[in-house]
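Here is the structure we will look at.
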Amino acid sequence: MNKNLEFYIKKTPSFLNKNICNQTIKELKQLEDWKQHTFYDHIKKETVNQSGEQELDITHSSVSTLKFIMDKLHIELQNYMNYINLNWYNSWAGYTQIRFNRYEKSKKMANHCDHIQSIFPGEPKGIPTLSMLCVLNENYKGGEFIMFDNTEIKFKQGDLIIFPSIFLYPHRVEPVTKGVRYSFISWVF
């Protein structure tokens with residue numbers, strides 16, 4: 001087993017081609033059901049907004065490219081399992097429907113780890129094991145994706161990263177200073 005945490009962050013350049021990204025963004029721009037992102041505070045037992053008015057917007061709406069993207073994620077997830085090559089961790093039960101993220105000017109996401117319990121019904125709740133994040137465009141400024149407090153992961157349009165969802169992988173998105181940043185996330189369980 002590799003003890004270097006960065007080893008478990010796998011980047012797939014051009015996971016999606018420009019046409020798929022552009023078609024997805026075109027449809028996302030037409031949606032009206034965007035809402036401000038919140039985090040669940042397990043101590044207060046309520047949702048909170050960690051970045052005030054700067055918090056990004058999200059939607060779970062469907063777009064025409066969704067099935068294509070979900071199918072590609074399945075293949076890339078198997079590639080990730082082959083990459084980490086752990087005979088005691090080589091499968092998953094499923095992964096969530098995509099959540100789209102929109103970062104307009106000054107929007108960001110606070111530092112966090114992906115302990116997303118809301119994807120699991122009932123009690124007690126678990127957390128996902130992996131996060132799959134893809135950036136759909138690059139015609140914006142700012143919006144840097146930062147892991148481990150100071151490591152920037154650079155994205156080009158269509159790039160995907162897969163990384164563990166646990167507390168050892170804190171990450172954030174810096175404020176967008178120009179344009180709009182679009183991405184999506186799905187969580188593996």
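Brief remarks follow.
- GNM top mover of 176, 48, 135 - the chain, alpha-carbon springs below 10 Å: 48
- A straight chain from residue 60 to residue 174 at 0.36 nm per residue would run longer than the Cα-Cα distance by 38.8 nm.
- Where only C-alpha atoms are counted, convex hull volume of the stretch 88-189 per residue in Å³: 113 Å³
- Considering helices alone, the calculated mean residue ellipticity of the chain at 222 nm is -5500 deg cm²/dmol, with DSSP H runs of length four and up weighted by -39500 (n - 2.57) and normalised per residue.
- Build a GNM of the chain with springs between Cα atoms under 10 Å apart, and of 111, 87, 17 the one that fluctuates most is 87.
- Amide H within-cut-off set for residue 40, under 5 Å, with H built and near neighbours excluded: 48
- Cut-off 18 Å (backbone N to label point 7 Å along Cα→Cβ of residue 33), residues of the stretch 83-113: 96-102
- Remark: the residue 117-residue 92 segment gains 7.3 nm on full extension, using 0.36 nm per residue and subtracting the alpha carbon distance.
- Take the Cα of residue 151, go 7 Å toward its beta carbon, and the backbone nitrogen atoms of the stretch 1-28 under 20 Å from that spot belong to 1-14.
- A Förster radius of 35 Å combined with the Cβ-Cβ distance from residue 81 to residue 41 puts the calculated FRET efficiency at roughly 0.60.
- Residues 103, 83 arranged by fewest to most Cβ contacts within 10 Å: 83, 103
- As a rough footprinting exposure proxy, the listed residues 65, 47 were ranked by other beta carbons within 10 Å of their own, and the order from fewest upward is 47, 65.
- Largest GNM mean-square fluctuation among 108, 44, 141, using the chain with Cα springs under 10 Å: 44.
Each reported figure results from applying straightforward, stated rules to the coordinates on display, with no laboratory input. Treat the numbers as computed from the prediction; the structure is a model and nothing was measured. When we count neighbours, we look across all protein chains shown, and the Cβ atoms used for this are built from the backbone with ideal geometry, even at glycine.
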